[in-house]
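Coordinate-derived values only; no laboratory data. This structure is a prediction, so every number in the text was calculated from the model and none was measured. Here the Cβ is made from the backbone with ideal geometry for all residues, glycine too, and neighbour counts use every protein chain on show.
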Amino acid sequence: MLATRTPTPRGAAPRRPRLGVVKFASCDGCQLTLLDLEDQLLDLVAAFDLVEFAEASSHRSSGPFDIVLVEGSISTPEQAEEIIRIRSQATLLVVIGACATAGGIQALRNWRDHEIVRRAVYADPAYVDALATSTPISDHVTVDAELRGCPIDPQQLLELLTALAVGRRPQIPNEAVCLECKRQGTVCVLVARNEPCLGPVTHTGCGAICPAFARGCYGCFGPREAANTGSLVAWFGRDGRPATETAALFSGFTAYARPFRSAIDDLGGPPGPAAPAGDTPSQEVGGDARR
Amino acid sequence: MVTRDALMAGAREPEAGTPKAAATSPATHGSDDPAGFLPRDDFDRLFDLLRADGRTVVGPTLADGAIVYAEIAGTADLPDGQSDRQSPGAYRLEPTGRARLFDFAVGPSSWKRYTFPPRLPLTRGRRVDGQVTFRAIELDPPRLAFVGVRACDIAALLVQDRAFSRGPVPDADYVARREAAVVVAVECVSPSDTCFCTSMGTGPEVTGSFDLALTELDEGFVVRPGSDVGRYLAYRIGTRPATADEIARARRDVAGARARMGDPIPTAGLPERLLAAADSPHWAEVAERCLACTNCTLVCPTCFCTSVTQSSDLAGSEAIAGRVWDSCFTLGFARVAGGNFRPRVQDRYRQWLTHKFAGWWEQFGTSGCVGCGRCITWCPVGIDVRAELMVVAGPDGGGIETVEPLAPVNPTPRPAESRPISRVPIISRTVLVSHVRHETPDVVTLHLQTEDASLLTGRPGQFVMAALPGISAPPISISRFHHDGFELTIRAAGAATRALCSLRPGETIGVTGPLGRGWPLEAAYGRDVIVVTGGIGLAPLRPLLDVVLRERERFGAVRLLYGARTPSDRLFADELSELAGRDDLEVHSSVDRAGPEWLGRVGVVTTLLEQASWDGSRAVAFVCGPERMMEATADVLGDLGVARDRIWVTMERHMACGVGLCGHCQLGPSFVCRDGPVFSLGELGRAFGREGW
Amino acid sequence: MRARSDDALDALAGTWFGSRLPAHARSRLAPYLRVASYDAGAEILREGEPTRDLSIVRGGRVAIRLRVPERGPTTILTVEPGDIIGWSAIVPPHRATSTVVALLPSELLLIDGEALRAELAADPELAAPVYLSLLEALAHRLTGTRLQLLDLFTVPGAEPW
């Protein structure tokens, strides 16, 4: 596909697509997944011209890119500007991972008073300049494709890059984790053990790892299409399970993604001690790093 | 009914010393053979015998809180003293307190895991310097023995036989596995609360299509052989004749199971009522609860829908196409370039239930549901199909009236068609791209050349699946036939079609086909012909026009109406001008908008028909274009008096296989790939133009 | 010798629009009918100008055009023999909503707008079938326009592959 977008003079070898990997607010595990593709790494750099990947190479470029993989959420004013610059430099912008696709676990701060949290965590908050929210890349620029996960799945990354190189539609199915459990023959933890599992509303791609170890899916790939969280929430609560327990299930790495976000809001917000109002930082505010 | 013995007929000569060597005479169905008895302590003899025959024995065993079907070594692996308590959305193991090996119903897995594995590589494709080759991946079907098959699951195997081995193109891997599997049935004496085989007429009694049927008593098993293989097994494991008391107790226990289940769904008239409920508001209500998670379809022992996956190296020079379990509940199932025929969950739920309980009758002559209850237990939110069916299509009408009911299906059980079973897997054949013509900015015609005679026997309206290694193969209509090949006119609407449009002369591609039912030209002999088409829709009609003009004297008045977006989007513009110059047909072109240089019509192509005064009762119409355009055309043709049985359209749906196996292209009870893509409006009935169908 | 209005009356009856009017209505309109011929390329109506006549195309083909500054004059509909143009002669504010140009040498039947409006206002029994036929012709045009608006021949290409 990219070959047809970049016409080359007849007889010349087709130019390798320029690939960039950039990072915003994240742990870096998603971009590391590219380096984890050890067996295919040499073929990948033969197929793509890796022009920007700070974690792997001192060879830098600020663009332009045929493809850019974007990890991390937008958490600071500088990042909010940089993503717009990256978008203007990229033909294809692919977001990778829960931070870039959903805002990440750090998006839990979106439910709190950022000022209070900032002062509770940092000894000298004046040096910290952050946005009140951690938001997915798609809240800022148009996104062409996304890979979900925390971290993303290496096989899905390989499929995306291979598909771009070969010219086929990437096979990143937007369907429930349940299909993968059933194909593998994993016994459903929800039905057989009443173990709460977000699999039915979560985007597949991980290989259904958690249920294979008899624990419920915690939604790290984020909501799939037509995620009927309302029905699943009603089911979880049918035998008197407290709303806060169900809210906790959704309040993880992809809490801020839309149907999960609304489910949390309907259940009274992410569980944890309520942030006190006013400007006196309190040591009771959840997550005081000095403790 | 299809029996394993019938499948075995035609198998290669059995090796001496194996159970199959004893299969010398035609099968009888078990119920006439005297019953034997096998003490519980001797049960392992069966396993030893099957394993000595080189078979993998699969049976029920405990795993992760459920009873699943997995490879087992012997009696010690069976769930001794265990039962299952099932209800919508819940499954629990429960010790029974008695030493029984089969005191449960069914678990989340079904035998389809072994006859129809979740993932299977099919084809290896190579592409080097623009030359492609495709090879089938050699089948390696395991020799299996299923121990513990319930009556409902036997019925499910027979149902899948119809889908996979009795259709026009069989699934070679399924046939091989099914043929090589020994079936040791065990009758149910402990049904669960979600079982309803009694309503579906599939159990709990095991009445046929098995090698051995066992009924468990405390001290052992009443054993009934059902085939020569079964007789041989019974002889070798040394059963003694069962006493009348043992037989009576066995019958009583199974009758007890029947009594406990009752008859939750009155099925008489159900298919018709279900089709009449297509517009019921209840579908939207179910959709509020349904997660579209696909669990019901994957635990269902008869669901057979699959998708084709592509895996390749980075260069796309080596690729493997494989088959994977899919479900009509996924988003991509009904997706085509630029749209989705079942975007809403309520459309998908309606499709599944209606297909299972009504559409199957039309397609395969049997209900798709065997009453095993798995979909009820394993639905994460406990949706119970028994209850949903009673609401939407219960015998008292459920209070639902639909405006225009779909044509009812005939729910009479039909015997499976007897057809020789081909073992040849479907494989793409290589053809040469001899010439490439750019018709419009996004449409290309490939001239393909071949010497393969089987590719040169097509009819107008048929299509091929056009494959490049590592890229999904889309269905493309044949746009002209030649003595040494054919043409494909392709619009670059997605990655696969774009790849095809980038081909150069001298390169090769793979094709499967010609497929489908073409335009019925004979229906138009002696009649006026009206062809209405738009955009890329002219492509499948061009070969029809070729035939009509070649045999012009067989037809009455011939009219062609062709619509396009703008003058530069018109397909085959030179040919159209030539046709317009002929005096033996009328050609009317129209575009949606144009600049000042266009002196032809601007407006919808049907305006001409609306203002015409010809008598349509003598005419046959052939229509192809976007569905909305075809609907508008059909209305206007009807106003002119053209009978619905004489309006022929060509339908588009998502196709993964093109041969009636993957299930994606279903439109009501029809497979667009093999019952169509050409249909008359009479055949489609109200399915034409119905939202989300 | 046939009266000129008889020829025009026959011509009116022979058109799709005219054939849908009852005979008595056609007879009442006959005195106001004129025939006009246009060369290919001639402008019949200009967008924004007062519409003098309700017209029925009798032969040839006329184009209805809207001016789109970046694209130039764009033909959004052609009117074939039998169909009407200039309905704004009946509907206020009686100004042409588009420019009409003859694409091919064309012959039109013209009905004087002012006179027609007076007749329709004065005689409800004439007005009823004329307004109904006009409404039906415009309804046909509207449903056709809706299908054009759907742009069915375009495949939405939202994805990069």
Largest to smallest principal axis extent of the C-alpha atoms in chain B, angstrom = 92, 60, 45
Overall form of region C:47-116 per C-alpha gyration tensor (a/c, 1.5; a/b vs b/c) = oblate
query = Of the residues A:173, A:154, A:136, which exhibits the maximal mean-square fluctuation in a Gaussian network model of chain A defined by a 10 Å Cα contact cut-off?
reply = A:173
note = With Cα coordinates, the longest principal axis of chain A makes an angle with the long axis of helix A:77-89, in degrees rounded to 10, of 30
remark   = Nearest 10, in degrees from 0 to 90: the angle of helix C:113-122 to the longest Cα principal axis of chain C is 60
key: Modelled label reach - residue A:184, point 7 Å along Cα→Cβ, region A:125-168 residues with backbone N closer than 15 Å   = A:150-151, A:153-156
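If r is the Cβ-Cβ distance from residue B:138 to residue A:225 and R0 is 41 Å, what FRET efficiency results, to the nearest 0.05?
The computed FRET efficiency comes out at 0.65.
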key: Ascending count of other beta-carbon atoms within 10 Å, so fewest first, for A:231, B:479   = A:231, B:479
message = As an exercise, find the ratio Rg/Rh for region A:18-166 from alpha-carbon atoms, using the Kirkwood inverse-distance average for Rh.
response = 1.00
note = Net charge (Lys, Arg +1; Asp, Glu -1) of residues whose beta-carbon lies under 15 Å from that of residue B:132, residue B:132 excluded, is +2
request  = Determine the relative contact order of chain B: mean sequence separation of Cα pairs under 8 Å and six or more apart, normalised by residue count, in whole percent.
outcome  = 13
ask   = Once you sort the root eigenvalues of the Cα gyration tensor of region B:429-515 as a ≥ b ≥ c, which label holds: rounded (a/c under 1.5), prolate (a/b larger than b/c) or oblate (the other case)?
value = rounded
query = So, in Å, what gap is there between the alpha-carbon centers of region B:444-486 and region C:8-50?
reply = 52
message = Starting from the 7 Å offset along Cα-to-Cβ, what nm value, one decimal, do you get for the label separation of residue B:73 and residue C:104?
response = 8.8
task = Working from Cα positions, state the angle (0 to 90°, nearest 10) between the long axis of helix B:627-639 and the longest principal axis of chain B.
result = 70
ask   = Can you work out the FRET efficiency for the pair residue C:42 and residue B:523, with r the C-beta to C-beta distance and R0 = 41 Å, to the nearest 0.05?
value = 0.30
task = Work out from phi, with θ = phi - 60° and the Karplus expression 6.51 cos²θ - 1.76 cosθ + 1.60, the ³J(HN,Hα) of each residue of region B:603-614, listed in order in whole Hz, and give x for Gly and Pro.
result = x, 5, 5, 7, 4, 4, 5, 4, 9, 7, 10, 6
key: Stretchable slack from residue B:553 to residue B:80, in nm (0.36 nm times residue separation minus alpha-carbon distance)   = 162.5 nm
query = Taking the Cβ-Cβ separation of residue C:20 and residue B:344 as r and a Förster radius of 51 Å, what is the calculated FRET efficiency to the nearest 0.05?
reply = 0.80
note = Using alpha carbon centers only, region B:339-393 is separated from region B:37-109 by a whole-angstrom value of 29
ask   = Any number yet on Rg/Rh for region B:140-295, C-alpha, Kirkwood?
value = 1.05
task = For chain A, with a Gaussian network of springs between Cα atoms less than 10 Å apart, report the residue from A:118, A:241, A:261 with the top mean-square fluctuation.
result = A:241
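Report, please, the projected area of the protein assembly as shown averaged over directions, based on the convex hull of its C-alpha atoms, in nm².
Directional mean of the projected Cα hull area for the protein assembly as shown stands at 56.2 nm².
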request  = List, in order, the whole-Hz ³J(HN,Hα) value for each residue of region A:137-145 obtained from phi through the Karplus relation with A = 6.51, B = -1.76, C = 1.60 and θ = phi - 60°; use x for Gly and Pro.
outcome  = 4, 5, 6, 10, 9, 6, 10, 8, 7
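Is the shape of chain A rounded, prolate or oblate, going by the alpha carbon gyration tensor and its root eigenvalues a ≥ b ≥ c, with a/c under 1.5 for rounded and a/b larger than b/c for prolate?
Taking the square roots of the gyration eigenvalues as a ≥ b ≥ c, chain A is oblate.
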inquiry  = Mean-square fluctuation check for chain A, GNM, Cα pairs under 10 Å: which of A:56, A:102, A:145 is largest?
reply    = A:56
message = Give me the one-decimal nm value for the distance between modelled label points at residue B:502 and residue B:627, 7 Å along each residue's Cα-to-Cβ direction.
response = 3.1
remark   = Taking a crude spin-label model, label points 7 Å out from Cα along the C-beta direction, the residue B:93 to residue C:120 distance in nm is 8.4
Chain A, relative contact order [Cα under 8 Å, separation at least 6], % = 17
task = Largest first and to the nearest Å, give the Cα extent of region B:270-399 along each principal axis.
result = 61, 31, 30
